[in-house]
Amino acid sequence: MEESEKKSVQVTTYLPKEVLEQLKKWMDDNYQRSVSQAVSLIVEHFLKKDGRPLGDTDLAPRVTALEEENLPPRLAKLEIQMQLVREALIAAGARSLATGVEDHLAENTSISSGQFTYTVKEAREGLSKTEIMRRLDISPTTLKRQAETERMTEEKYLTKITGWQLGTGERPKYFPPTQSSSPST
């Protein structure tokens, strides 16, 4: 039993269980901590005072005042809890998870080049000639014919039409030009 319930045992003793449950829900909904204070508000609301009915009295200003009174401490408590969670994650090695998060983003963040879409990871590791041809829907025969028409090698022709730069090595890959636009997911 909570502290406020212990103090109001006399009030709650006479209430049927169903009514007590409804009262507790009303208290939660209206930010009331004390049973006696809640009962006083309800009774005041439905009784006449000075010959005028209080049933028409709007409780919204009181509820708003109580919300404003209770909101800052609740927010402060949440901020403290979030800070503690953050610190606990860092202490538990969340920084080592950063690499996994970066890899996940690299594999799942797409960049549109106008001709085809690629991921951050593909941009970092490069695309093979075959993969670029597949994405451009160009067959090896078509590529060869178009490159000969332009009097270029197939590799230089792909560089010309995609804007991607050919890397070096035994099986060089193509890399996108440096982009000033931001990636989209």
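Some points to look at:
The rows are residues; the columns are (1) of a type in the set (G, A, S); (2) touching a Ser or Thr at 6+ places or on another chain (Cβ under 7 Å); (3) under 30 Å from E125 (Cβ atoms); (4) at pLDDT below 75.
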residue	(1), (2), (3), (4)
K48	no, no, no, yes
A60	yes, no, no, yes
V63	no, no, no, yes
E68	no, no, no, yes
R74	no, no, no, no
A92	yes, no, no, yes
A98	yes, no, yes, yes
V101	no, no, yes, yes
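- Long-range neighbours under 8 Å by Cβ, at least six apart or interchain, first residue farther than 8 Å from Y174 by Cβ and of a type outside the set (D, E, K, R) within region 120-133, second at pLDDT below 85 and crowded, with 17+ Cβ neighbours inside 10 Å: V120/I111; A123/I111
- Cβ-Cβ under 6 Å pairs, at least 6 apart or on other chains, region 161-185 side within 11 Å of K129 (Cα to Cα), far side modelled with pLDDT of 85 or more and open to solvent by 100 Å² or more (accessible area, probe 1.4 Å): F175/Q165
- Filter result (in contact with a strand residue (DSSP E or B) (Cβ under 6 Å, 6 or more places away or on another chain) and not in a helix (DSSP H, G or I)) within region 134-165: W164, Q165
- Condition met for L54 (at pLDDT below 70, of a type in the set (A, V, I, L, M) and farther than 30 Å from G167 by Cβ): yes
- The residue that is farthest from L166 (Cα to Cα), counting only those in region 135-146 that are of a type in the set (D, E, K, R) and either in contact with a Gly (Cβ under 7 Å, 6 or more places away or on another chain) or at pLDDT below 90 (or both), is D137.
The values are calculated or read from the model by the stated rules, or taken from the named source; none is laboratory data. Predicted, not measured: the structure shown is a model, and the values here were computed from it. For neighbour counting, all protein chains shown are included, and Cβ atoms are generated from backbone atoms with ideal geometry for every residue, glycine included. Ligands, DNA and RNA are excluded from the accessible area calculation, which covers all protein heavy atoms including side chains. Shrake-Rupley method; radii C 1.70, N 1.55, O 1.52, S 1.80 Å.
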